[in-house]
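Below is one structure, written out as structure tokens, with a few remarks after it.
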Amino acid sequence: MDTLQNKKTHEHDFSTSNNENPGPSTCLANKTVLVTGSSIGIGKETAFLFAKEKCKVIITYYKDKEEASLVLKKCIDAGSPEAYALKLNVMDNASIMKLVKTAVGKFKKIDILVNNAGHCCTKELNTQTFEDTEAQIRTNLEGLIKITKAFLPYINEMIINIGSGAGKKGYKDLTTYCATKFGVRGFTQALAEEFPALKIYCVNPGRTATRMTNFKGRPCEQVAAVIVNASKGIYPISQDHDIDVWDVLK
Ligand SMILES: NC(=O)c1ccc[n+]([C@@H]2O[C@H](COP(=O)([O-])OP(=O)(O)OC[C@H]3O[C@@H](n4cnc5c(N)ncnc54)[C@H](OP(=O)(O)O)[C@@H]3O)[C@@H](O)[C@H]2O)c1
């Protein structure tokens, strides 16, 4: 059994397991869940809640490696039977393929994929650089599509894409971000048509208190709870596959 002390197998890979703690039997227990962008924010709280449900979790980080190692420890302490923190840059094809190889090598199948990694640049379009535009489109839309395509042969059950209220209505200073999130909803709906055997959702939070919003908004724990409840099938799948978080929390 790996331990937190000897878990560091190579530079960008933390891993550990805790098979002595099977915990209560829930419908999610022992499912394998991959949450992209789970070093901080909504993804971090989501990984933690899945761990509390006794899921095996794959956490990914892009720049916040130290944060990810803390999330990993918290997941193991919460009762995840097996957890890993792996580096992922969704803008880099090689990084995506490396994650697939590592994750599938460890688990063979992924029960639930949560496409959460995201980037937002809150500025008038006039002042956005081409790099700002590219980073948002490549992370939020292109990266999400590529991760989904790369993992599709290994997904057992469910894909949860994290959209946004900004994918349902346009907001000032969020032009490109809104475009990506409208795109995520379109992708979700079309994907669900192609793969009716999979449960596919687009979970749309409103403003949530994370680095993305300068920590203004509702607590990310509330959004994470809706994501985990969605994975339990608590909300009926609507025709547009949307789960609007603030509506659910009303
Ligand atoms: N906060 C809100 O108000 C809000 C509202 C609606 C929807 N959302 C959506 O919710 C999701 C999570 O957002 P958040 O608010 O939790 O943001 P956050 O706190 O800024 O976290 C973003 C996460 O994405 C990762 N990430 C960023 N660029 C990446 C890349 N190129 N490759 C892989 N991972 C990358 C980050 O990794 P590192 O930190 O390790 O670099 C981090 O783990 C996003 O899809 C966002 O659009 C947020």
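The values are calculated or read from the model by the stated rules, or taken from the named source; none is laboratory data. Treat the numbers as computed from the prediction; the structure is a model and nothing was measured. Positions of Cβ are generated from backbone atoms using ideal geometry, with glycine treated the same way; all protein chains shown enter the neighbour counts.
Residues in the stretch 112-151 that are within 14 Å of the chain's Cα centre (by Cα) and either of a type in the set (A, V, I, L, M, F, W, C) or surrounded by fewer than 17 Cβ atoms within 10 Å (Cβ to Cβ) (or both): 9 in all. Just so you know, in the stretch 192-250 the residues that are assigned to a helix (DSSP H, G or I) and of a type in the set (Val, Ile, Thr) include one that is nearest to the chain's Cα centre (by Cα), and it is ILE227.
Just give me the residues in the stretch 48-94 being crowded, with 18+ Cβ neighbours inside 10 Å, within 10 Å of the ligand (Cβ to nearest atom) and in a helix (DSSP H, G or I), in sequence order. Within the stretch 48-94, ALA68, VAL71 qualify.
Among (1) surrounded by fewer than 23 Cβ atoms within 10 Å (Cβ to Cβ); (2) of a type in the set (Val, Ile, Thr); (3) within 15 Å of the ligand (Cβ to nearest atom); (4) free of Cβ contacts under 8 Å to residues at least 60 places away in the same chain, which single condition is THR210 missing? That leaves (4) as the condition not met.
Could you please let me know if TYR154 is within 23 Å of VAL104 (Cβ to Cβ), free of Cβ contacts under 8 Å to residues at least 60 places away in the same chain and within 18 Å of the chain's Cα centre (by Cα)? So TYR154 fits the description; yes. Is there a residue being of a type in the set (A, V, I, L, M), at pLDDT below 50 and assigned to a loop (DSSP other than H, G, I, E, B) anywhere in the stretch 10-32? Checked against the condition, which is being of a type in the set (A, V, I, L, M), at pLDDT below 50 and assigned to a loop (DSSP other than H, G, I, E, B), the stretch 10-32 yields no hits at all. Here LYS109 clears all of (1) buried (at least 17 other Cβ atoms within 10 Å of the Cβ); (2) under 25 Å from LYS232 (Cβ atoms); (3) in contact with a strand residue (DSSP E or B) (Cβ under 9 Å, 6 or more places away or on another chain) except the condition numbered (1).
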